[in-house]
Amino acid sequence: MKRIVVLNPKGGSGKTTLATNLASLFAARGHKTALMDYDNQGSSTYWVNQRGAERPLIQIISAYKHPISVTRNYFLRVAPDTQYLIIDTPAALDFSAFQRTLREATAIVIPVLPSDVDIHAVANCIGQLMTLAKIGREERRIAVVANRVRKHTLGYQRLVFFLNSLQIPFITTLRDTQNYINATAQGIGIFEMAPNRVQDDLIAWQPLIEWLHAREEIDKSTQSLTPLAVNAAPQRG
Ligand SMILES: Nc1ncnc2c1ncn2[C@@H]1O[C@H](COP(=O)(O)OP(=O)(O)OP(=O)(O)O)[C@@H](O)[C@H]1O
Ligand SMILES: [Mg+2]
């Protein structure tokens, strides 16, 4: 099972948008997909609940809930043979508590908005991933995606300059478009919309899809050396 964690402790950077669109992508391609929602706003959970029954199934695990009738591990279990687990995290994420989830991730994707405040926050976030979660740059498991971008603005130019200086893969730029907002309202992703309406967005996602695929290949080749704990449910606290 491939695990993709979407994080940025800064609120509103596009974590849920990326997580739900990734889930939509893999489900639409026929992969057995689960989405784990750690944010007590429940946005990913809401999104799945909006999905029509005719859509490819996405298992939702509302990890922010704490039912007392079952054990935590039972509550967080992923359906057998799940191929992709997408993990949507809350703002102000506690990296230490998420250490295990982060260590087991095939990929960690960080969406970042083009503003000075967000640039500052993402620099902190990457620093914390390295110090608190002990993820090294050389592992190349972390990637950054610029989100809600209007190209040709000063903010975007500053963001690109900053991201290129990070030595962390800066994968792609997603534009600011109603397509994501419209998709969210229907419980779908852009991969399930009429392609002619989202052509530019599909092109923008391609580098991220390719990077994730490359990550999977690296994981496959190293798995025999460091097997992932497939049954280990992400834990908090
Ligand atoms: N590329 C985009 N174009 C237009 N709107 C976007 C884009 N990305 C995100 N949004 C909108 O911005 C808002 C915040 O996005 P989102 O909920 O994905 O962020 P988040 O990081 O999950 O927020 P939170 O930290 O509160 O969980 C949402 O209303 C979403 O629809
Ligand atoms: Mg969110």
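No value in this document is a laboratory result; all are computed from the given coordinates. Because the structure is a prediction, the values reported are computed rather than measured. Every residue, glycine among them, receives a Cβ derived from its backbone with ideal geometry; neighbour counts consider all protein chains shown.
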Cα→Cβ-extended label distance, 7 Å offset, between Tyr46 and Arg100, nm = 3.0
Given Cβ charges of +1 for Lys and Arg and -1 for Asp and Glu, the option among Thr172, Gly11, Phe95 whose Cα lies farthest towards the positive end of the dipole of the chain is Phe95
Length gained if His152 through Lys134 is fully extended, taking 0.36 nm per residue and subtracting the Cα-Cα distance, is 2.9 nm
When a footprinting reagent is the concern and you count Cβ atoms within 10 Å, what order do Glu192, Glu217 take, fewest first?
-> Glu217, Glu192
Order of Ser165, Ser69 - criterion: other Cβ atoms within 10 Å of each residue's Cβ, fewest first = Ser69, Ser165
Which value at 222 nm does the chain reach when only helices count, each DSSP H run of 4 or more adding -39,500 (n - 2.57), with the total divided by all residues and rounded to the nearest 500 deg cm²/dmol?
-> -12000 deg cm²/dmol
R0 of 22 Å, Cβ-Cβ distance Asp81-Lys220: FRET efficiency to nearest 0.05 = 0.85
For a footprinting-style exposure proxy, rank Phe75, Phe98 by other Cβ within 10 Å, fewest first.
-> Phe75, Phe98
Count neighbours as other Cβ atoms within 10 Å of each site's Cβ, and list the trypsin sites (Lys or Arg not before Pro) in segment 117-170 that are DSSP loop with at most 13 such neighbours.
-> Lys134, Arg150, Lys151
Spatial separation of Cα centroids for segment 150-218 and segment 1-47, in angstrom = 14
Largest fluctuation, His213, His66, His152 only, Gaussian network model of the chain with Cα springs under 10 angstrom, belongs to His152
A student applying the Cα gyration tensor rule (rounded when a/c is under 1.5; otherwise prolate if a/b is larger than b/c, oblate if not) would label the chain rounded
